[in-house]
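Engineer: Sharing a structure with you now.
The values are calculated or read from the model by the stated rules, or taken from the named source; none is laboratory data. These numbers come from a predicted model, not from an experiment. Here Cβ is always computed from backbone atoms with ideal geometry, including for glycine, and neighbour counts include all displayed protein chains. Protein only, heavy atoms only, side chains kept; ligands, DNA and RNA dropped before computing areas. Shrake-Rupley method; radii C 1.70, N 1.55, O 1.52, S 1.80 Å.
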Amino acid sequence: MTRSALLALVLASCGSGDSPSMLDTHAGEARHIAGVWWLMFGIAAGVYLVVATLIFWALLRGRRRQHRTSRLNENAFIVVGGVLVPVVILALLAVVTVTTTKTVRTDEPGALRIEVVGKRWWWEVRYPGTKVVTANEVHVPTGRPLDIQLDSDNVIHSFWVPQLAGKVDMIPGQHNHLRVTVDDPGTYLGECAEFCAVGHAHMRFVVIADPPAEFDRWMTRREQAATNPVSDAAARGQVVFQRESCAGCHTIRGTAATGVIGPDLTDFGSRKWIAAATLRNTKANLAAWIANSQTIKPGNLMPPMSLSPGDLDAVVAYLESLGS
Ligand code: CUA
(Lines give C-alpha, C1' and ligand atoms only; values in the text may rest on other atoms or scores of the structure.)
Protein backbone atom coordinates (compact mmCIF):
# COMPACT_ATOMS: atom_id res chain seq x y z
CA MET A 1 0.00 0.00 0.00
CA THR A 2 1.35 3.42 -0.90
CA ARG A 3 1.90 5.93 1.85
CA SER A 4 -0.77 8.29 0.49
CA ALA A 5 -3.34 5.47 0.45
CA LEU A 6 -2.42 4.64 4.04
CA LEU A 7 -2.79 8.30 5.04
CA ALA A 8 -6.21 8.47 3.37
CA LEU A 9 -7.25 5.35 5.28
CA VAL A 10 -6.05 6.78 8.60
CA LEU A 11 -7.82 10.11 7.99
CA ALA A 12 -11.03 8.34 6.94
CA SER A 13 -11.00 6.19 10.09
CA CYS A 14 -10.73 9.35 12.21
CA GLY A 15 -14.15 10.44 11.03
CA SER A 16 -16.13 7.30 11.83
CA GLY A 17 -19.38 7.89 13.72
CA ASP A 18 -18.25 6.34 17.00
CA SER A 19 -14.97 8.21 17.11
CA PRO A 20 -15.53 11.85 16.16
CA SER A 21 -12.80 13.72 14.29
CA MET A 22 -11.32 16.88 15.78
CA LEU A 23 -11.23 18.14 12.18
CA ASP A 24 -15.06 17.97 11.97
CA THR A 25 -15.44 21.20 13.95
CA HIS A 26 -18.63 22.63 15.46
CA ALA A 27 -17.17 25.43 17.60
CA GLY A 28 -14.73 28.30 17.03
CA GLU A 29 -12.33 26.83 19.61
CA ALA A 30 -12.14 23.53 17.72
CA ARG A 31 -11.62 25.44 14.45
CA HIS A 32 -8.61 27.25 15.91
CA ILE A 33 -7.10 23.95 17.04
CA ALA A 34 -7.86 22.27 13.70
CA GLY A 35 -6.11 25.24 12.03
CA VAL A 36 -2.93 24.46 13.97
CA TRP A 37 -3.30 20.79 12.98
CA TRP A 38 -3.61 21.67 9.28
CA LEU A 39 -0.60 24.02 9.47
CA MET A 40 1.52 21.26 11.06
CA PHE A 41 0.22 18.75 8.50
CA GLY A 42 1.05 21.13 5.63
CA ILE A 43 4.58 21.77 6.88
CA ALA A 44 5.18 18.06 7.50
CA ALA A 45 3.93 17.23 4.01
CA GLY A 46 6.20 19.93 2.53
CA VAL A 47 9.25 18.63 4.39
CA TYR A 48 8.41 15.09 3.32
CA LEU A 49 8.17 16.11 -0.32
CA VAL A 50 11.49 17.99 -0.26
CA VAL A 51 13.33 15.13 1.47
CA ALA A 52 11.77 12.47 -0.78
CA THR A 53 12.68 14.52 -3.88
CA LEU A 54 16.29 14.88 -2.71
CA ILE A 55 16.55 11.14 -2.04
CA PHE A 56 15.22 10.32 -5.50
CA TRP A 57 17.50 12.88 -7.06
CA ALA A 58 20.50 11.39 -5.26
CA LEU A 59 19.52 7.88 -6.34
CA LEU A 60 19.11 8.90 -9.99
CA ARG A 61 22.29 10.91 -10.05
CA GLY A 62 24.20 7.95 -8.69
CA ARG A 63 27.83 8.17 -7.71
CA ARG A 64 29.04 9.70 -10.98
CA ARG A 65 29.46 13.25 -9.74
CA GLN A 66 30.31 12.59 -6.13
CA HIS A 67 33.78 14.12 -6.42
CA ARG A 68 32.44 17.37 -7.85
CA THR A 69 30.49 18.36 -4.71
CA SER A 70 32.59 20.66 -2.62
CA ARG A 71 32.88 20.32 1.18
CA LEU A 72 31.59 23.91 1.43
CA ASN A 73 28.31 22.98 -0.28
CA GLU A 74 27.82 19.96 1.98
CA ASN A 75 28.35 22.03 5.11
CA ALA A 76 25.95 24.74 3.91
CA PHE A 77 23.35 22.08 3.16
CA ILE A 78 23.64 20.65 6.69
CA VAL A 79 23.44 24.09 8.36
CA VAL A 80 20.43 25.19 6.30
CA GLY A 81 18.54 21.87 6.11
CA GLY A 82 19.48 20.46 9.49
CA VAL A 83 19.51 23.57 11.70
CA LEU A 84 18.07 26.73 10.13
CA VAL A 85 14.90 25.28 8.57
CA PRO A 86 13.93 23.18 11.64
CA VAL A 87 14.51 26.18 13.95
CA VAL A 88 12.31 28.42 11.79
CA ILE A 89 9.56 25.76 11.60
CA LEU A 90 9.60 25.05 15.35
CA ALA A 91 9.64 28.77 16.22
CA LEU A 92 6.67 29.38 13.90
CA LEU A 93 4.73 26.49 15.45
CA ALA A 94 5.57 27.70 18.97
CA VAL A 95 4.21 31.18 18.23
CA VAL A 96 1.07 29.79 16.56
CA THR A 97 0.47 27.33 19.42
CA VAL A 98 0.85 29.96 22.16
CA THR A 99 -1.38 32.52 20.41
CA THR A 100 -4.01 29.86 19.64
CA THR A 101 -4.01 28.66 23.27
CA LYS A 102 -4.46 32.27 24.43
CA THR A 103 -7.33 32.79 21.98
CA VAL A 104 -9.29 29.68 22.99
CA ARG A 105 -8.89 30.48 26.70
CA THR A 106 -10.34 33.97 26.45
CA ASP A 107 -13.03 34.60 29.05
CA GLU A 108 -16.21 35.81 27.31
CA PRO A 109 -18.57 38.14 29.22
CA GLY A 110 -22.02 36.71 29.93
CA ALA A 111 -20.84 33.13 29.69
CA LEU A 112 -23.12 30.40 31.05
CA ARG A 113 -21.37 28.65 33.93
CA ILE A 114 -21.63 24.86 34.07
CA GLU A 115 -19.75 22.68 36.57
CA VAL A 116 -18.56 19.21 35.64
CA VAL A 117 -16.92 16.96 38.22
CA GLY A 118 -14.95 13.86 37.19
CA LYS A 119 -16.05 10.87 39.26
CA ARG A 120 -15.03 7.19 39.26
CA TRP A 121 -15.89 6.78 36.34
CA TRP A 122 -18.61 9.13 35.25
CA TRP A 123 -19.30 12.86 35.09
CA GLU A 124 -21.48 14.91 37.40
CA VAL A 125 -22.98 17.97 35.72
CA ARG A 126 -24.27 20.97 37.71
CA TYR A 127 -25.83 24.26 36.68
CA PRO A 128 -24.98 26.84 39.39
CA GLY A 129 -27.92 28.97 40.48
CA THR A 130 -30.36 26.16 39.65
CA LYS A 131 -31.27 22.88 41.31
CA VAL A 132 -30.35 20.92 38.21
CA VAL A 133 -27.83 18.13 38.69
CA THR A 134 -27.42 15.45 36.06
CA ALA A 135 -24.84 12.99 34.83
CA ASN A 136 -22.89 12.23 31.68
CA GLU A 137 -25.10 14.40 29.43
CA VAL A 138 -24.09 18.05 29.32
CA HIS A 139 -26.97 20.09 27.90
CA VAL A 140 -25.87 23.46 26.50
CA PRO A 141 -27.38 26.25 24.39
CA THR A 142 -25.88 27.03 20.98
CA GLY A 143 -24.43 30.44 20.22
CA ARG A 144 -23.78 31.36 23.85
CA PRO A 145 -20.31 31.38 25.42
CA LEU A 146 -19.91 28.59 27.98
CA ASP A 147 -17.58 28.55 30.95
CA ILE A 148 -17.34 24.92 31.99
CA GLN A 149 -15.61 24.59 35.34
CA LEU A 150 -13.82 21.25 35.60
CA ASP A 151 -13.02 19.54 38.89
CA SER A 152 -12.27 16.07 40.20
CA ASP A 153 -12.83 14.60 43.66
CA ASN A 154 -10.51 11.66 43.06
CA VAL A 155 -7.75 11.22 40.46
CA ILE A 156 -6.91 13.29 37.36
CA HIS A 157 -9.34 13.00 34.47
CA SER A 158 -9.38 14.95 31.23
CA PHE A 159 -12.50 16.43 29.61
CA TRP A 160 -12.38 16.17 25.83
CA VAL A 161 -15.03 16.75 23.16
CA PRO A 162 -12.97 16.57 19.94
CA GLN A 163 -15.50 18.39 17.74
CA LEU A 164 -15.84 21.33 20.15
CA ALA A 165 -12.56 22.10 21.91
CA GLY A 166 -9.23 20.81 23.15
CA LYS A 167 -8.60 18.66 26.20
CA VAL A 168 -8.65 20.21 29.67
CA ASP A 169 -7.50 18.20 32.68
CA MET A 170 -9.63 17.84 35.81
CA ILE A 171 -7.24 18.06 38.72
CA PRO A 172 -8.26 17.45 42.36
CA GLY A 173 -8.11 20.69 44.35
CA GLN A 174 -7.86 22.94 41.32
CA HIS A 175 -10.59 24.61 39.24
CA ASN A 176 -9.84 24.43 35.53
CA HIS A 177 -12.04 26.09 32.93
CA LEU A 178 -13.01 25.14 29.41
CA ARG A 179 -14.35 28.06 27.40
CA VAL A 180 -16.31 27.26 24.29
CA THR A 181 -19.23 28.48 22.20
CA VAL A 182 -21.04 25.69 20.34
CA ASP A 183 -22.16 26.77 16.87
CA ASP A 184 -24.44 23.98 15.73
CA PRO A 185 -27.20 22.02 17.47
CA GLY A 186 -26.28 18.36 17.85
CA THR A 187 -24.95 15.64 20.09
CA TYR A 188 -21.19 15.55 20.47
CA LEU A 189 -19.35 12.60 21.95
CA GLY A 190 -16.77 13.27 24.64
CA GLU A 191 -14.46 11.03 26.57
CA CYS A 192 -11.91 11.01 29.32
CA ALA A 193 -8.50 11.67 27.80
CA GLU A 194 -6.32 10.95 30.83
CA PHE A 195 -5.73 7.43 32.08
CA CYS A 196 -7.59 7.24 35.40
CA ALA A 197 -7.41 3.55 36.37
CA VAL A 198 -9.61 0.59 35.56
CA GLY A 199 -12.73 2.47 34.42
CA HIS A 200 -10.94 4.87 32.08
CA ALA A 201 -12.11 3.24 28.84
CA HIS A 202 -15.71 3.34 30.11
CA MET A 203 -15.75 7.05 30.90
CA ARG A 204 -17.59 8.77 28.09
CA PHE A 205 -20.18 11.53 27.96
CA VAL A 206 -22.14 13.58 25.46
CA VAL A 207 -22.63 17.30 24.98
CA ILE A 208 -26.17 17.95 23.74
CA ALA A 209 -26.39 21.40 22.14
CA ASP A 210 -29.84 22.89 21.49
CA PRO A 211 -31.02 26.31 20.29
CA PRO A 212 -31.39 28.67 23.30
CA ALA A 213 -35.21 28.45 23.51
CA GLU A 214 -35.10 24.65 23.54
CA PHE A 215 -32.31 24.68 26.12
CA ASP A 216 -34.40 27.00 28.34
CA ARG A 217 -37.35 24.59 28.07
CA TRP A 218 -35.07 21.70 29.05
CA MET A 219 -33.81 23.70 32.05
CA THR A 220 -37.37 24.54 33.17
CA ARG A 221 -38.38 20.86 32.97
CA ARG A 222 -35.28 19.72 34.82
CA GLU A 223 -35.83 22.19 37.66
CA GLN A 224 -38.97 20.26 38.62
CA ALA A 225 -38.56 17.70 41.40
CA ALA A 226 -39.62 14.10 40.73
CA THR A 227 -43.39 13.60 40.81
CA ASN A 228 -45.15 10.65 42.41
CA PRO A 229 -45.10 7.47 40.30
CA VAL A 230 -48.19 7.07 38.12
CA SER A 231 -48.05 3.31 37.43
CA ASP A 232 -48.28 0.49 40.00
CA ALA A 233 -44.94 -0.92 38.86
CA ALA A 234 -43.20 2.43 39.30
CA ALA A 235 -44.81 2.90 42.73
CA ARG A 236 -43.52 -0.52 43.80
CA GLY A 237 -40.14 0.40 42.32
CA GLN A 238 -39.97 3.53 44.46
CA VAL A 239 -40.61 1.46 47.59
CA VAL A 240 -37.89 -1.02 46.62
CA PHE A 241 -35.51 1.85 45.76
CA GLN A 242 -35.96 3.33 49.25
CA ARG A 243 -35.88 -0.05 51.04
CA GLU A 244 -32.73 -1.38 49.39
CA SER A 245 -29.42 0.47 49.48
CA CYS A 246 -30.16 2.51 46.27
CA ALA A 247 -31.31 5.62 48.15
CA GLY A 248 -28.12 5.65 50.22
CA CYS A 249 -26.03 6.40 47.12
CA HIS A 250 -28.39 8.20 44.72
CA THR A 251 -30.45 11.38 44.95
CA ILE A 252 -33.91 11.67 43.43
CA ARG A 253 -34.97 15.24 44.13
CA GLY A 254 -38.40 15.46 45.79
CA THR A 255 -38.07 12.02 47.45
CA ALA A 256 -36.31 10.61 50.51
CA ALA A 257 -33.38 9.47 48.32
CA THR A 258 -30.52 11.86 49.02
CA GLY A 259 -27.33 9.82 48.52
CA VAL A 260 -24.38 11.58 46.92
CA ILE A 261 -22.02 8.72 45.97
CA GLY A 262 -23.63 7.79 42.65
CA PRO A 263 -25.24 9.93 39.96
CA ASP A 264 -28.32 12.04 40.75
CA LEU A 265 -31.20 10.17 39.06
CA THR A 266 -33.92 12.86 39.17
CA ASP A 267 -34.06 13.06 35.35
CA PHE A 268 -32.96 9.48 34.69
CA GLY A 269 -35.76 8.52 32.28
CA SER A 270 -34.91 11.43 29.99
CA ARG A 271 -31.29 10.32 29.52
CA LYS A 272 -30.30 8.53 26.35
CA TRP A 273 -27.39 6.72 27.95
CA ILE A 274 -26.37 4.93 31.11
CA ALA A 275 -22.97 3.83 32.44
CA ALA A 276 -21.18 7.06 31.43
CA ALA A 277 -22.50 7.00 27.85
CA THR A 278 -21.31 3.47 27.18
CA LEU A 279 -24.76 1.80 27.14
CA ARG A 280 -28.06 2.93 25.63
CA ASN A 281 -30.70 3.68 28.25
CA THR A 282 -33.00 0.70 27.60
CA LYS A 283 -34.93 -1.38 30.13
CA ALA A 284 -32.81 -4.46 29.39
CA ASN A 285 -29.51 -2.59 29.78
CA LEU A 286 -30.70 -0.91 32.97
CA ALA A 287 -31.87 -4.22 34.48
CA ALA A 288 -28.50 -5.83 33.66
CA TRP A 289 -26.69 -2.83 35.13
CA ILE A 290 -28.66 -2.89 38.40
CA ALA A 291 -28.32 -6.68 38.78
CA ASN A 292 -24.54 -6.62 38.43
CA SER A 293 -22.85 -3.59 36.94
CA GLN A 294 -19.45 -5.09 37.73
CA THR A 295 -19.79 -7.44 34.73
CA ILE A 296 -20.38 -4.38 32.49
CA LYS A 297 -17.96 -1.88 34.00
CA PRO A 298 -15.56 -3.63 36.37
CA GLY A 299 -14.37 -1.60 39.34
CA ASN A 300 -17.21 0.94 39.43
CA LEU A 301 -18.54 1.87 42.86
CA MET A 302 -22.01 0.28 42.50
CA PRO A 303 -22.33 -3.12 44.19
CA PRO A 304 -24.36 -5.97 42.64
CA MET A 305 -28.02 -5.89 43.75
CA SER A 306 -29.75 -9.18 44.48
CA LEU A 307 -33.38 -8.23 43.81
CA SER A 308 -36.22 -10.59 42.97
CA PRO A 309 -37.19 -10.44 39.26
CA GLY A 310 -40.40 -8.59 40.20
CA ASP A 311 -38.54 -6.01 42.31
CA LEU A 312 -35.92 -5.53 39.59
CA ASP A 313 -38.59 -4.88 36.94
CA ALA A 314 -40.32 -2.46 39.32
CA VAL A 315 -37.12 -0.47 39.98
CA VAL A 316 -36.48 -0.30 36.22
CA ALA A 317 -40.06 0.95 35.66
CA TYR A 318 -39.62 3.56 38.41
CA LEU A 319 -36.28 4.90 37.13
CA GLU A 320 -37.46 5.04 33.52
CA SER A 321 -40.50 7.08 34.63
CA LEU A 322 -38.31 9.80 36.13
CA GLY A 323 -37.80 13.07 34.31
CA SER A 324 -40.25 12.40 31.52
CU1 CUA B 1 -11.29 9.52 33.76
CU2 CUA B 1 -9.72 8.50 32.26
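Engineer: Can you name the residue in the stretch 190-206 that is open to solvent by less than 30 Å² (accessible area, probe 1.4 Å) and out of contact with any His (no Cβ under 8 Å at 6 or more places or on another chain) and is also nearest to Gly143 (Cα to Cα) among such residues?
Structural biologist: Only one residue fits best here, namely Val206.
Engineer: Among the numbered criteria (1) over 23 Å from Ala27 (Cα atoms); (2) among the hydrophobic types (A, V, I, L, M, F, W, C); (3) touching a strand residue (DSSP E or B) at 6+ places or on another chain (Cβ under 7 Å); (4) within 16 Å of the ligand (Cβ to nearest atom), which single criterion is violated by Val133?
Structural biologist: With (1) over 23 Å from Ala27 (Cα atoms); (2) among the hydrophobic types (A, V, I, L, M, F, W, C); (3) touching a strand residue (DSSP E or B) at 6+ places or on another chain (Cβ under 7 Å); (4) within 16 Å of the ligand (Cβ to nearest atom) applied to Val133, the lone miss is (4).
Engineer: OK, next. Could you give me the residue pairs with C-beta distances under 7 Å whose first residue belongs to the stretch 193-209 and is farther than 18 Å from Val125 by Cα, whose second residue is modelled with pLDDT of 95 or more and more than 6 Å from the ligand (Cβ to nearest atom) wherever it lies, and which are 6+ apart or on separate chains?
Structural biologist: Glu194/Ile156; Glu194/Ser158; Glu194/Asp169; Cys196/Val155; Cys196/Ile156; Ala197/Val155
Engineer: Out of the residues in the stretch 174-189 that are surrounded by fewer than 20 Cβ atoms within 10 Å (Cβ to Cβ) and not polar (S, T, N, Q), state the one that is nearest to the ligand (Cβ to nearest atom).
Structural biologist: Leu189
Engineer: Looking only at the stretch 122-139, count every residue that is in a strand (DSSP E or B) and open to solvent by 10 Å² or more (accessible area, probe 1.4 Å) and tell me the total.
Structural biologist: Adding up the residues that qualify gives 4.
Engineer: Scan (1) of a type in the set (Val, Ile, Thr); (2) out of contact with any Gly (no Cβ under 7 Å at 6 or more places or on another chain); (3) part of a helix (DSSP H, G or I) for the single condition Val315 breaks and write down its number.
Structural biologist: The one condition Val315 does not meet is (2).
Engineer: Within the stretch 144-195, take every residue that is closer than 17 Å to Lys119 by Cα and of a type in the set (Ser, Thr, Tyr) and give me the one that is farthest from the chain's Cα centre (by Cα).
Structural biologist: Ser152
Engineer: Let me ask something additional. Looking at (1) out of contact with any strand residue (DSSP E or B) (no Cβ under 8 Å at 6 or more places or on another chain); (2) part of a helix (DSSP H, G or I); (3) closer than 30 Å to Val133 by Cβ, which is the one condition that is false for Ala44?
Structural biologist: Failed condition: (3).
Engineer: Among the listed residues Gly323, Gly237, Gly262, Gly248, identify the single one that is more than 29 Å from Thr187 (Cα to Cα) and open to solvent by less than 30 Å² (accessible area, probe 1.4 Å).
Structural biologist: After applying the criteria, what remains is Gly237.
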